[in-house]
Amino acid sequence: MREIKLRYTFKRLSDGFIKQVWVKLEYFESRVGEIYNWINHEDWGCIGKDLYTSLKDKNGKEIYEGDIVSFDIQDYNGIDHFYKSEVYYWGSCFSCDTDKSCIINLDNALADDEDIEIIGNIYENPELIKE
């Protein structure tokens, strides 16, 4: 069975400090009351809930929705093309874009030994996908 995890990203309103918490679904469900009180503290606002993809990057780091990954794909002429993209759930799989015109299935890319690496996330490093 697939392990279901969520990554919550919080931003302290007073100074913009960002904190992330990783929670397995079964832990979350057993402690909803305790977590709910902390989440709703007046100085924190939840800015993201990201699902664990059950995949890991080339360094063994867990990949979540909202992560920004880098990868290169070789075209039919043998030329490497470098891309950066946000990971998101689309259709029935976790995906990322090559250039907004081509969507790749993350499971297939990792199975094809693509060197996918997490380089940040959309909360702490939004500039990485705006470059």
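Give Asp43, Asp15, Asp72 a once-over and let me know the one that is out of contact with any Pro (no Cβ under 9 Å at 6 or more places or on another chain) and at pLDDT 85 or above.
After applying the criteria, what remains is Asp15.
Report, by residue number, each residue of segment 57-83 that is in contact (Cβ under 8 Å) with a residue 12 or more places away in the chain, part of a strand (DSSP E or B) and surrounded by fewer than 17 Cβ atoms within 10 Å (Cβ to Cβ). Give the derivation first.
Quick first cut of segment 57-83, residues in contact (Cβ under 8 Å) with a residue 12 or more places away in the chain only: 57-59, 61-73, 81-83.
Applying the additional criterion that residues be part of a strand (DSSP E or B) yields 62-64, 67-73, 81-83.
Listed by number, the residues that qualify are Glu62, Asp72, Ile73, His81, Phe82, Tyr83.
Criterion first (among the hydrophobic types (A, V, I, L, M, F, W, C), at pLDDT 85 or above and not in a loop (DSSP other than H, G, I, E, B)) does Leu110 satisfy it? Full working, then the answer.
Numbers: among the hydrophobic types (A, V, I, L, M, F, W, C): yes; at pLDDT 85 or above: no; not in a loop (DSSP other than H, G, I, E, B): yes.
When the stated conditions are applied, Leu110 does not pass them.
Hey, could you check segment 4-19 for residues that are β-branched (Val, Ile, Thr) and touching a residue at least 60 places away in the same chain (Cβ under 8 Å) and say which is nearest to Cys46 (Cα to Cα)?
The residue in question is Thr9.
The values are calculated or read from the model by the stated rules, or taken from the named source; none is laboratory data. What you are looking at is a predicted structure, and each value in this text was computed from that prediction instead of being measured. We place every Cβ from the backbone using ideal geometry, glycine too, and count neighbours over all the protein chains shown.
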